[in-house]
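> Sharing a structure with you now.
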Amino acid sequence: NAGVTQTPKFRILKIGQSMTLQCAQDMNHNYMYWYRQDPGMGLKLIYYSVGAGITDKGEVPNGYNVSRSTTEDFPLRLELAAPSQTSVYFCASSPIGRAGMNTEAFFGQGTRLTVV
Amino acid sequence: AQTVTQSQPEMSVQEAETVTLSCTYDTSENNYYLFWYKQPPSRQMILVIRQEAYKQQNATENRFSVNFQKAAKSFSLKISDSQLGDTAMYFCAFMKSNTGKLIFGQGTTLQVKP
């Protein structure tokens, strides 16, 4: 039972480069999220999705894009990386709305991204 | 907009003692959930305890319990018989029922001393 899987675990990017952070869940959860955690701080919501084909902005969406073509996958795209995007990125999923399921978020292990 | 505030950046407790972490939140919603997550040095986010706003009874999970004061919008976490493995950053989080978005506090770093 893999849960939420994020790849890569670590990455160093140069300013202006682009990359995609991958996230997959095998729990058939409808809700998925991307958060960023800056040093010593709480998590801030970047984007979220309530199901395949539906995405919406969170608190800090600028500089990021997402897509949700399947229930399982929710990749996060960084275009033109900037030092301000140096952070730890967490993907999460939740079975919200499913009868009998607890409402909690399951998190991946995180991706530590450094932009230099 | 909802906000979550944890006013204690750092706390410490002796092994086997009890410690309480504070959390307050602001919302005009009536249906929501509150959570405490633990983040050890491994970085993994681990759910500690969950509280449904419509339930008056405080949630408990083994050594962890909450004091949920809905009118005061307060949601504190009590850790009894603290263990070295409880050393971690603890986050309080709010989830509005019909959106599923989690809003986190700034976190409290807890150090359990032997």
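Every number here is computed from the coordinates shown, using simple stated rules; none is lab data. Since we're looking at a predicted model, the values are computed, not measured. Neighbour counts run over all protein chains shown; Cβ positions are idealised from the backbone, glycine included.
> Under a cut-off of 17 Å between alpha-carbon atoms, report the aspartates and glutamates in cross-link reach of residue B:113, not counting same-chain residues fewer than 8 places apart.
B:10, B:15, B:17, B:81, B:86
> Using the Cα centre of chain A as origin and beta-carbon charges of +1 (Lys, Arg) and -1 (Asp, Glu), tell me which of A:2, A:84, A:25 is placed farthest towards the positive end of the dipole.
A:84
> Using a 10 Å cut-off around each Cβ of peptide A:24-34, what is the average number of partner chain Cβ atoms that fall inside?
1
> Any of A:9/A:57; A:14/B:101; A:44/B:78; A:44/B:55; A:44/B:96; B:38/B:96 with alpha carbons more than 22 Å apart? Name them for me.
Pairs exceeding the cut-off: A:9/A:57; A:14/B:101; A:44/B:78; A:44/B:55.
> Applying 1/(1 + (r/R0)^6) with R0 = 25 Å to the Cβ-Cβ distance of residue A:73 and residue A:41, what FRET efficiency is obtained, to the nearest 0.05?
It comes to 0.35.
> Another question, if that's okay. Would you mind listing how long chain A runs along its three principal axes, going by Cα atoms, in whole Å with the largest first?
Result, largest extent first: 46, 27, 25 Å.
> Just the Cα atoms of chain B, one point each, no solvent: what log10 I(q)/I(0) does Debye give at q = 0.18 Å⁻¹?
Rounded to two decimals, the profile gives -0.85.
> How high is the FRET efficiency from residue B:55 to residue B:30, r the C-beta distance, R0 22 Å, rounded to 0.05?
For residue B:55 and residue B:30, the calculated efficiency is 0.95.
> What is the extension gain from residue B:44 to residue B:16, computed as 0.36 nm multiplied by their sequence separation minus the C-alpha to C-alpha distance, in nm to one decimal?
Contour length minus Cα-Cα distance gives 7.7 nm.
> Provide a whole-number value for the mean count of partner chain Cβ atoms within 10 Å of the Cβ atoms in peptide B:34-43.
3
> Just tell me the longest site-free run in chain B, where the sites are GluC sites (Glu not before Pro) in a DSSP loop having at most 15 other beta-carbon atoms within 10 Å.
The segment B:30-114 is the longest one with no such site.
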